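Written below as structure tokens is the structure these notes are about.
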Amino acid sequence: MKSIQSIGLRDFLLEVGEISRFTGRFFKELFRPRLEFREFLRQAFIIGYKSVPLTGITAFIMGLVLTIQSRPTLEEFGAASWLPSMVAVSLVREIGPVITALICAGKIGSSIGAELGSMKVTEQIDAMEVSGTNPFKYLVVTRVLATTFMVPVLIIMCDAIGIFGSYLGVNMKGVTSLHLFYSQVFDKLAYGDILPATVKSFFFGFAIGIIGCYKGYNSNKGTEGVGESANSAVVVSSLVVFILDLLAVQVADLMGLT
């Protein structure tokens, strides 16, 4: 049993070390000329625009369901008027960023892992190196930058859609004007609610991109390895999102932003 545990710990530490080295190589290549700007824009379109339907629908349902489920409890305490502000603060501070990041980890992380994994096992990456192209710069740097900048945009958009879903949920058992609803929302939203959520969303995007690229870029075992790369990219990036969220909450608490 001890030997199995030691092997598992060793594999874990090796994996952490390899991801750290891969991340260091990313920053090294990032500041080398030249940036593949057209590929970056293409990846931003694929990662951002094409993820809007899934993340948007999820955010809308999330805001609607959270409102419907919270109303009976608040009504028991005579606090139904707090419903818009409570849902908005919950979405902006925690639920929106984490759920959207998990959806992106599943959709974007698996896509990047499978795409780069298939390129690795079919030796397309090796062919790029032979032709004089820097595959790391072209494939990895552009995708990681795209996820780093597009995931926060998706999170902000999902927060807005979720709050609108909450507005519809509030009006299912009453009539509240749009102006009154958003007045209650923005009266309770503070600087300390928005800033930590925005900052940590960049880290979520970076983690999803770097792990997806690492898993795909180092894929092996032929076509079987492609599936393993996509699967492990989702699992590891989802776990890292939770860890980063925990760290962000602790840092925000220490800075007095909670």
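Derivation of every value follows stated rules applied to the coordinates shown; laboratory data play no part. Remember, it's a predicted structure, so these values are computed and weren't measured experimentally. Cβ: placed from backbone, ideal geometry, glycine included. Neighbour counts: every protein chain shown.
What to note about this one:
- Scanning the stretch 60-78 for residues that are within 19 Å of Asp159 (Cα to Cα) and either buried (at least 18 other Cβ atoms within 10 Å of the Cβ) or not β-branched (Val, Ile, Thr) (or both) turns up Phe60, Met62, Gly63, Leu64, Leu66, Thr67, Gln69, Ser70.
- Selection count, the stretch 93-113, where residues are under 30 Å from Val175 (Cα atoms) and crowded, with 24+ Cβ neighbours inside 10 Å: 3
- Identification of helices (runs of 4 or more DSSP H) wholly contained in the stretch 140-233 with 1 or more residues that are within 15 Å of the chain's Cα centre (by Cα) and buried (at least 18 other Cβ atoms within 10 Å of the Cβ) yields 142-170, 191-217.
- Candidate set: the stretch 237-258, residues that are in contact (Cβ under 8 Å) with a residue 60 or more places away in the chain and closer than 21 Å to Thr147 by Cα; chosen: the one surrounded by the fewest Cβ atoms within 10 Å (Cβ to Cβ): Phe242
- The listed residue being surrounded by fewer than 17 Cβ atoms within 10 Å (Cβ to Cβ), out of contact with any Cys (no Cβ under 7 Å at 6 or more places or on another chain), of a type in the set (S, T, N, Q) and assigned to a helix (DSSP H, G or I), out of Ser85, Ser90, Ser81: Ser81
- Contact annotation: residue pairs with Cβ atoms under 8 Å, 6 or more positions apart or on different chains, pairing a residue in the stretch 124-151 that is within 19 Å of Phe204 (Cα to Cα) with a partner that is of a type in the set (Ser, Thr, Tyr), are Val140/Tyr217; Met150/Ser51; Val151/Thr100; Val151/Ser201.
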